[in-house]
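The values are calculated or read from the model by the stated rules, or taken from the named source; none is laboratory data. Given the structure is predicted, the values throughout are model-derived calculations rather than measurements. Neighbour counts run over all protein chains shown; Cβ positions are idealised from the backbone, glycine included. Quick note on the areas: whole protein, heavy atoms, side chains included, nothing else; ligands and nucleic acids left out. Shrake-Rupley method; radii C 1.70, N 1.55, O 1.52, S 1.80 Å.
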Amino acid sequence: DLGEAGPACERFREASGLFHQTNDRNNEAAALNALGVLAQDAGQPGAALKPLRKALTLREPGSRGQAVTLTTLGVSYRQLGRLDEARQAYAEALPIYRSLNDSRELARCLANLGRLETTASHDAAALDDFNRALALYRTLDDPPQMAWTLEGKAQVLRRRGDLEAARGLMEDALAEVERHRLRQASYTTRAEFFSTQQDAYDFLIDLLMDMHRKAPRAGYAATALEVNERSLARSLLDGLAVADADLHLGRAAPDLHAQERELETEIDRLVSRQTHLIQDGTPPEQLQPLDAELGRRWDDLDRVRAELRTRDPRYAALTQPQPLSAAEVQNGLLDRDTLLLEYRLGEERSVLWAVTPEALEGFVLPGRAEIEDLAGEAFDLLSHSNSSEAEISARSKLARLSRLLLDPVAPLLPGKRLLVVGDGILQNLPFAVLPEPGSAEPLVARHEIVSLPSVSVLGELRREIAGRPRAPKTLWVLADPDFGRLSEQLPFARQEATAILALAPASQRFEVKGREATRDAVLDGALRDYRFVHFATHGSFAADDPGGGQLVLAQIGPRGRPEANGFLHLADIYQLGLRADLVVLSACQSGLGREVRGEGIMGMTRGFFYAGAERVLVSLWNVNDQVTAELMQRLYRGILAEGLSPAAALRAAQDAIRRQARWHSPYYWAGFTLQGEWR
């Protein structure tokens with residue numbers, strides 16, 4: 001249900017074998033049925049047939065299980081275009097559900113039959129099936145299936161030209177999605193569920209853009225933007241709204257706090273064991289069972305903290321934040337010097353919204369595949385090579401990308417700061433490197449550029465920051481931890497730290513380095529007193545990192561002994577309680593993480609936002625250590641000595657680096673992006 005198909009397949013295959021050994025035919029069939037559903041979800045309806053046909057042989061005639069498998073088989077036949085076989089499967093299942101008075105499965109079968117009739121262009125029959133299914137779902141409590149059925153009916157009405165009625169049904173469908181999303185106490189679970197519902201948002205956005213083309217002045221482009229905002233980074237938005245309450249979770253739940261402490265201790269133990277095995281040269285494949293166990297413990301900790309939130313009366317009293325309206329974005333967030341560019345990648349057509357205080361326009365772009373293929377090729381060239389051949393090839397692809405992504409808004413660009421809300425691979429594309437339309441110069445030459453997971457997140461950040469006192473001190477730096485045998489030291493990290501610390505008065509700065517740069521030094525609460533927090537260290541941010549990524553801290557402590565846990569994990573960051581104007585992660589690939597559709601990159605950046613950071617500066621690839629040291633010096637000189645905003649200081653630093661012949665390649669200067677507040 002959360003979209004985690006790989007682990008689900010493993011569990012169902014194992015279950016199927018165990019049920020077969022114990023001659024439990026019905027449960028073996030249920031596991032096989034689930035494997036068929038997973039194959040369908042993966043776009044492989046042909047692969048679903050074998051487990052489903054086997055499941056059907058194990059079902060009792062006339063049983064609910066037989067009808068469920070028949071319905072699932074019907075889905076595969078429909079997806080394969082074998083409509084007569086699908087119709088026959090549904091025809092066999094329906095009387096079984098009726099005889100058992102099983103309203104839920106009867107509704108699901110009718111909704112699937114409606115989809116079949118839609119595929120066959122039998123609109124009247126499809127509407128009849130959907131209406132009968134909806135009548136049943138209104139007596140049940142199944143928001144996801146209700147939403148799916150409403151969407152099916154909306155597709156028929158759209159094809160018939162009744163766009164306004166289709167729009168109304170989709171609004172009802174998204175209300176059901178939102179109702180179910182809010183039932184999930186865990187932000188992770190909310191995000192995972194929401195990722196499975198993004199096609200419904202795509203459908204409504206595309207429908208509204210159709211209506212916009214027919215009536216350009218009717219405000220449909222603005223409504224489509226609002227739907228897009230409703231689909232983006234919602235669990236992050238929820239987390240920001242209640243972050244202060246989350247810092248003191250559930251004081252009245254000692255049992256859960258005890259579980260939380262036990263899990264934290266167990267995680268520390270597993271991390272320590274993992275570190276020692278890595279240092280001893282254990283092959284990665286032998287670490288997989290330990291990694292899996294660590295992942296389960298992080299999931300358990302997430303669930304315990306979610307339950308703590310639900311028990312906190314302050315949490316229960318908080319209202320859920322609503323995404324901003326188009327008018328609120330235009331009149332409350334932007335100024336005359338700022339242009340919002342928000343992208344949505346669709347299967348057949350993508351959308352770009354360009355928003356200023358004076359105007360809002362929507363443009364149709366090519367489909368997801370064309371944009372992502374080109375952006376992926378460009379990113380690989382930018383991030384893996386600084387050779388002249390790679391730069392020439394990257395320049396050609398970036399020029400094509402600029403034509404796709406920026407040409408529609410070329411007249412709006414001059415003199416503007418750019419706020420970019422990306423989608424898919426565009427979240428990892430450094431827009432600073434795209435050539436400005438009509439020029440060979442990259443955008444960084446003339447534009448400040450700030451990325452956002454959604455523009456509504458910026459609104460929530462401003463609300464939170466407005467209600468808190470400013471941090472009293474200037475600069476906290478962690479640099480060059482003692483990695484022991486775990487990793488190579490960063491030769492320029494200490495030089496980087498020394499240079500930026502010199503820009504702040506002695507009474508306003510603090511540094512931890514070498515063996516002092518421990519996890520305890522980060523978690524002792526001192527960071528809350530600093531406006532600028534800087535980490536110059538290694539990191540691990542891959543999508544499959546247990547716990548969501550980590551910063552590497554001292555592996556050897558002040559007394560020369562190995563640290564039990566020499567890492568700062570995402571779960572640790574959530575608990576920091578910062579008041580930082582800016583957090584800088586001067587580590588390789590610190591902007592990466594696990595991409596969850598609709599939510600964006602779930603990694604260190606969102607963790608620091610949740611912890612209270614106003615802005616986060618992260619890297620997109622393995623940045624050069626020496627160039628990073630110079631870029632950071634220029635960045636902090638711009639902020640602390642010249643009074644520039646972080647966005648302006650980053651632009652100036654990157655532009656200065658690229659103008660040096662030896663570092664002209666974007667590989668050296670384009671890897672860092674600023675996310676969050678632009679002011």
Can you find a residue in the range 332-344 that is in contact (Cβ under 8 Å) with a residue 24 or more places away in the chain, in contact with an Asp or Glu (Cβ under 8 Å, 6 or more places away or on another chain) and open to solvent by 70 Å² or more (accessible area, probe 1.4 Å)? no
Tell me, which residue of the range 495-523 that is of a type in the set (D, E, K, R) and either in contact with a Cys (Cβ under 7 Å, 6 or more places away or on another chain) or under 20 Å from Met604 (Cβ atoms) (or both) is most open to solvent (accessible area, probe 1.4 Å)? Asp520
Any idea which residue in the range 435-457 is nearest to Pro408 (Cα to Cα), counting only those that are under 16 Å from the mean Cα position of the chain (by Cα), in a helix (DSSP H, G or I) and of a type in the set (A, V, I, L, M)? Val455
Does Gln184 fit the bill of being closer than 21 Å to Ala233 by Cβ and in contact with a Lys or Arg (Cβ under 6 Å, 6 or more places away or on another chain)? yes
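Against the definition (under 22 Å from Ser396 (Cβ atoms), modelled with pLDDT under 95 and of a type in the set (Gly, Ala, Ser)), how does Ser456 come out, yes or no? Walk me through it before giving the result.
Values: under 22 Å from Ser396 (Cβ atoms): no; modelled with pLDDT under 95: yes; of a type in the set (Gly, Ala, Ser): yes.
Here the answer is no, as Ser456 does not meet what is asked.
Scan the helices (runs of 4 or more DSSP H) fully inside the range 566-679 and keep the ones with 2 or more residues being within 21 Å of Ser456 (Cα to Cα). Steps first, answer last, please.
Working: elements: 570-574, 604-611, 625-636, 646-658, 666-669.
Because the criterion is at least 2 residues that are within 21 Å of Ser456 (Cα to Cα), the helices (runs of 4 or more DSSP H) in the range 566-679 that meet it are 604-611, 646-658.
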Hey, Gly161 hits all of (1) assigned to a helix (DSSP H, G or I); (2) open to solvent by 20 Å² or more (accessible area, probe 1.4 Å); (3) farther than 15 Å from Tyr90 by Cα but one; which does it fall short on? (1)
Go through the range 441-459 and count every residue that is under 14 Å from Arg659 (Cα atoms) and open to solvent by 10 Å² or more (accessible area, probe 1.4 Å). 4
Tell me which of these Ala587 doesn't satisfy, since it passes every other one: (1) open to solvent by less than 20 Å² (accessible area, probe 1.4 Å); (2) at pLDDT 85 or above. (2)
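Which of the residues that make up the range 116-138 are assigned to a helix (DSSP H, G or I), open to solvent by 60 Å² or more (accessible area, probe 1.4 Å) and either over 19 Å from Ala67 (Cβ atoms) or in contact with a Cys (Cβ under 6 Å, 6 or more places away or on another chain) (or both)?
Residues of the range 116-138 assigned to a helix (DSSP H, G or I): 116-119, 123-137.
From the residues that got through so far, the ones that are open to solvent by 60 Å² or more (accessible area, probe 1.4 Å) too are 119, 124, 128, 131-132.
Scanning the range 116-138 gives Thr119, Ala124, Asp128, Asn131.
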Given the condition assigned to a loop (DSSP other than H, G, I, E, B) and either more than 30 Å from Gly560 (Cβ to Cβ) or open to solvent by less than 10 Å² (accessible area, probe 1.4 Å) (or both), answer yes or no: does some residue in the range 372-386 qualify? yes
Would you confirm whether any residue within the range 458-466 is of a type outside the set (Lys, Arg), out of contact with any His (no Cβ under 7 Å at 6 or more places or on another chain) and in a strand (DSSP E or B)? no
In the range 489-507, the residues that are more than 9 Å from Ala629 (Cα to Cα), part of a loop (DSSP other than H, G, I, E, B) and of a type in the set (A, V, I, L, M, F, W, C): Leu490, Ala502, Leu503, Ala504
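Take Phe203 and decide whether it is aromatic (Phe, Trp, Tyr) and out of contact with any Leu (no Cβ under 8 Å at 6 or more places or on another chain). Break it down stepwise before answering.
Working: aromatic (Phe, Trp, Tyr): yes; out of contact with any Leu (no Cβ under 8 Å at 6 or more places or on another chain): yes.
Yes, satisfied.
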Does Pro414 satisfy the criteria of being farther than 29 Å from Val596 by Cβ and open to solvent by 10 Å² or more (accessible area, probe 1.4 Å)? yes
Determine whether Gly638 is at positive phi, at pLDDT 95 or above and more than 26 Å from the chain's Cα centre (by Cα). no
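Here's the yes/no breakdown for (1) closer than 28 Å to Phe130 by Cα; (2) within 31 Å of the chain's Cα centre (by Cα):
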site	(1), (2)
Glu4	no, yes
Ala8	no, yes
Ala34	yes, yes
Leu56	yes, no
Arg64	yes, no
Arg87	yes, no
Glu92	yes, no
Asn101	yes, no
